[in-house]
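First the structure, in the form of structure tokens, and then the observations on it.
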Amino acid sequence: MRIEGQSSAGNDPGDWKTGPERLSPDVIVKETPRFQFGENWERFLTRIDDRQIREAERAIKQMLEIEDLRGKSFIDVGSGSGLSSLAARRLGATVFSFDYDPKSVACTQALKRTFFPDDPEWTVAEGSVLDTDWLRSLKAYDIVYSWGVLHHTGSMGQALANVDSLVKSGGRLFISIYNDQGNVSHLWRAVKRLYNHLPRPLTYLLTGPALIFLWGPSTVRDLIRARPFHTWRNYATSRGMSPWHDLLDWVGGYPFEVAQPHAITDFYETRGYKLQKLNGVGAGLGCNQFVFTKL
């Protein structure tokens, strides 16, 4: 199995575009240290509750415009905590979950043991979306899901191309990719890189200011409305993140690549896909979400 960030022969990660220009070489990140996503999911895992599970189910149903996944096969590329896999299984899908990070794999396995022990319709494995040989050993799926993962591989262009082999003809690809904000994205990349080079006690020099920057406005609004920390307490995402663990994931999440929505759309439409749904963030911070159908 290849290490994430290494190229595979026959796959040119530079053959996709972020507009008129190809990806610059410095964006193809192949260095360490990397953010330990699995450790963050481990610390978060004990906090998962029914509200977060329902939110994960709602997000899948809303983007795919379905009521359930009965009779469908679902692969979770970069399963993280396993929450999205759990949601898909609860919606009736046969699920295959994999992640590059062993601790993320362990989190997904723990969630499966808790909610679906000994279930043959949910498989959890360790694997890399950059390992083309391993991916070819897998079958094609009705739903290929990868939320907030491909831009952290260190070779996003290759990762975007590699998931194609997992999608059945007529199947759907549901991905989310960080929005390209130009110079703002370059600044965040520098912050994330520095975070992962600092000793852990010093990372608070970055998470503290980021907490104020990202959460200050909503905290002030809540205080003005006499609802102190209402937004923080009621925070929910489709991945089930708590606000603190989401902040750590954002500030530390490196490697880090971005793309404008049209770049992702063009990339897949030239490969025989049709865009079915796009939930974008405009010029803002965060992920654009895409659902494509493979023609």
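Read-outs throughout are calculated quantities, based only on the coordinates presented, and are distinct from any laboratory measurement. Keep in mind it's a predicted model, so treat the numbers as computed, not measured. A quick note on method: Cβ atoms are made from the backbone with ideal geometry, for glycine too, and the neighbour counts reach across all protein chains shown.
At-a-glance table
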{"read-out": "Violating pairs (Cα-Cα greater than 28 angstrom) within the set K72/K277; K192/K277; K103/K274; K112/K139; K61/K294; K192/K274", "value": "K192/K277; K103/K274; K192/K274"}
{"read-out": "Sorted by Cβ neighbour density within 10 Å, fewest at the top, the residues I48, I175, I212, I53", "value": "I212, I53, I48, I175"}
{"read-out": "Size of charge dipole - the range 181-272 - debye, nearest 20, with Cβ of Lys, Arg +1 and Asp, Glu -1, no other charges", "value": "320"}
{"read-out": "Rg [Å, one decimal], Dmax [Å, integer] - the range 137-295, C-alpha atoms", "value": "17.8, 56"}
{"read-out": "Net charge, L206 excluded, C-beta distance under 14 Å - Lys, Arg +1, Asp, Glu -1", "value": "+3"}
{"read-out": "The range 85-139: trypsin sites (Lys or Arg not before Pro) in DSSP loop, at most 14 other beta carbons within 10 Å", "value": "K139"}
{"read-out": "Inter-site label distance for L205 and R136 at 7 Å from Cα along Cβ, in nm", "value": "4.7"}
{"read-out": "Neighbour cut-off at most 14 other Cβ (10 Å), DSSP loop, chymotrypsin sites (Phe, Trp or Tyr not before Pro), the range 181-286", "value": "F229"}
{"read-out": "Cα gyration tensor, the range 183-251 - rounded (a/c under 1.5), prolate or oblate", "value": "prolate"}
{"read-out": "Ordering of 122-130, 283-291 by burial proxy (mean other Cβ atoms within 10 Å per residue, highest first)", "value": "122-130, 283-291"}
{"read-out": "Relative exposure of M63, M156, judged by other C-beta atoms within 10 Å (fewest first)", "value": "M63, M156"}
{"read-out": "Dmax and Rg, reported as Rg then Dmax, of the range 36-174 (C-alpha, Å)", "value": "13.9, 38"}
